[in-house]
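Chemist: The structure is given below, and queries will be raised subsequently.
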Amino acid sequence: MGNVDELEALLRPPALDMPPYPPKAITLASGEKMVVRQIDRDEVPILLEAIYPLLWVERDYYDIVSARLFGELLAYKRYRVKNEYVLVGLIDGVLAGMVNGHLVDEKVGMSYHTMTIRRGLRVGSHLFAAKMEYHMEFLNQEEVLIVAESPIGFRRWMIEYPLQKKYEVPHELGGGPSWVLTRDTYFAAKPRLVSGSRPVSSELLASAETIVLPAEETVKKQVLGGKGGEK
Amino acid sequence: MRPVSIIGAGMTKFGRSEWPLSKLMSVASLAALHHADLGDVKVDGVVVANMGAARLNRQTAIASALVDSLNIFPATAESVENGPASGASAFKVGYQAIASGMADVVLVTGVEMMRAVNNLEATDFVASLSHPEAEYIYGVTLPSLAGMFARLYMERYGVTREHLARVAIKNHDNAMKNPYAHIHQTVTMEGILTAPEAVVNNPPIAEPLHMFDCCPVSDGAASLVLASQEVAEKLGRPIVRIAGIGQATDTHAVQNRPDPTELTAVRLAAQKAFSMAGITPKDIDVAELHDAFTILEIAESEEAGFFKKGEGHKALEKGITSLGGKLPINPSGGLKAKGHPVGATGVAQLVELTWQLRGEAGERQVQKAKNAFACNFGGFGNNVVATVLTREV
């Protein structure tokens, strides 16, 4: 048996070069500023902590999305998915939501999940748009494969953009067949669905340097319909 | 007719209910009965307002079900379906029963559970109140009717999207002070109108109306206990007297009205209610108007007689309709932010006004409120019930 490092190298998928996602600031309906930025692997544990209580929330498929996202985040941290990335939305440093995906190859991306913690402000819509922006404008890809696991996701992605069917291509998440966002669709939808400004001021960026978790009760209240903004 | 008072009020938190319909209306009813503290006095009758349980929840005869849930046999039981004006219509039926001498105590409960179905079906369900041949078959929905109404109103009276946003901002602010409101989220002019991101934050629904111009789809229940003056005085409760009720109708299809920007039924219903109460709009201290869409708060504030036609938006600009203003409108958050479970709405408006007149509205209390007005708007203004309540010292 070879040494562990050699084995680990075999287990890790080969990675393509990925330029980082440049952070941006988004003014929400409440007037609050949400910073969207990419995380590092060492920030995964705090996201797992945020997701954990939602594993048992059936409403709007939070349980399924949480369980899958939990695994995807672990896989990202421990190099078990090819070219995975995670973006987070932070309001005054407090986690409002997260999205992730990966690269199938240089031309094709794959969207994984969108998880909103702070509901009622279209945080999920903004974060999903940021994810598509990353694939199309910074990774310069041709298309992104997408599935929805909830009716809300279906309305937001398949209908609002609108995505095209690509049923002949399986999606790694299984379930429903793939839909695809092409460059044409993305740039047509961009004026009404993609927003935010760059560069982010150093002060705002500093506020988003450390991820702060809302209290577990606050998370549950927001996810279950309270829609409050308490920290 | 005998004088009638409201002696108890209660409601559930609006939003998305995990409870079945029967529990939702029972909880609101028990809250109102607890508030009334009837002691040995029996409830003679129950009137339930509801628009869609048969379709949305596969349940009919829900007034009988409520009597059973509350174990208040042999109280009479009736259900009232009158579109989004079901609540105030049921209230009127309860009032008539007591005023006529047929009953001494009546429980009026409004309930709706709209989130049992998806948004598309909920929108279609509400659209079923429109004219079947002239509107519905062409895909007309309530947001589309309100959008056309808003467009014409804006052109004619100088109302802008900023005015509509002001209604939303005010009512979201008010709802932050209401623990029963569906939406506890402030919004800002920057966030929903002026920032570049507003195009995403506040997408168009039916131009010129955007998402934050429209009420949410809600579950919820609200309940009132009505009693004869004799019973109310015997119990020694604070007395909120039903001073006036007016109702009026208009053409089913909006296109058949001489002027689509005139909400004639609102004007006539309000005039009748004020005439019966023997007071004028100037005497009103607080109002709950049916702001299913932001434009409707402005239009109804004019038709009810609070402001001249075309000047409602100017009053809004001056802060007259804000909490702390001369005439606070929708201190509860209105349908816009408190939520709009259609069958419950008319009752919930009167629950809020009862609390206001009793000085029990907490952070959103309108100081020294003596007279209150509610407008429950059915159809797209084709069936409207207006109510005037008065606090008796």
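Chemist: Using the Cα centre of the protein assembly as shown as the reference point, and only Cβ charges (+1 on K/R, -1 on D/E), how large is the resulting charge dipole? Debye, rounded to the nearest 20. Intermediate values should be presented prior to the final figure.
Modeler: Details: 62 positive and 71 negative charges, 235 e Å.
The dipole magnitude comes to about 1120 debye.
Chemist: Further question: Restricting things to alpha carbons, tell me how big the protein assembly as shown is in terms of Rg and Dmax, in Å.
Modeler: Values for the protein assembly as shown (Cα only, Rg and Dmax): 26.7, 98 Å.
Chemist: Taking the Cα centre of segment A:18-223 as the origin and placing charges on Cβ (Lys, Arg +1; Asp, Glu -1), which of A:LEU69, A:VAL144, A:LEU213 is farthest toward the positive end of the dipole?
Modeler: A:VAL144
Chemist: Taking every eigenvalue of the Cα gyration tensor of segment A:18-223, multiplying by 5 and rooting it, what semi-axes result, largest first, whole Å? If you can, show how the numbers build up before the last one.
Modeler: Working: eigenvalues 111, 79, 58 Å².
Values for segment A:18-223, descending: 24, 20, 17 Å.
Chemist: Using per-residue counts of other Cβ atoms within 10 Å, averaged over each peptide, order B:343-353, A:194-204, B:91-101 from highest down.
Modeler: B:343-353, B:91-101, A:194-204
Chemist: Below 8 Å between Cα atoms, with a sequence gap of 6+, how large is the relative contact order for chain B in percent?
Modeler: This gives 26 percent for chain B.
Chemist: Using only the Cα atoms of chain B, what semi-axes does the equivalent ellipsoid have when each is the square root of 5 times a gyration tensor eigenvalue? Give whole Å, largest first.
Modeler: The three semi-axes for chain B are 31, 23, 20 Å.
Chemist: Another question about this same structure. Hey, if you put +1 on the Cβ of every Lys and Arg and -1 on every Asp and Glu Cβ in the protein assembly as shown, which of B:ALA88, B:VAL366, B:ASN178 ends up farthest toward the positive end of that dipole?
Modeler: Result: B:VAL366.
Chemist: Please compute the alpha carbon radius of gyration of segment B:20-131, then divide it by the globular-protein estimate 2.2 N^0.38 Å. Two decimals is fine.
Modeler: Here the Cα radius of gyration is 1.10 times the empirical estimate.
Chemist: Order these peptides, B:53-64, B:104-115, by their mean beta-carbon neighbour count within 10 angstrom, highest first.
Modeler: On the way: B:53-64: 17.2, B:104-115: 28.7.
The peptides rank, most packed first, as B:104-115, B:53-64.
Chemist: Using a 10 Å cut-off around each Cβ of peptide B:182-192, what is the average number of partner chain Cβ atoms that fall inside? List each step's numbers first, then the result.
Modeler: Numbers: counts 3, 5, 9, 12, 5, 6, 6, 1, 5, 9, 4.
Partner-chain Cβ atoms within 10 Å, mean over residues of B:182-192: 6.
Read the figures in this text as sums done on the coordinates, not as results from a lab. Note that the structure is predicted; figures quoted are calculated from it, not measured. Glycine gets a Cβ as well: all are built from the backbone with ideal geometry, and neighbour counts include every protein chain shown.
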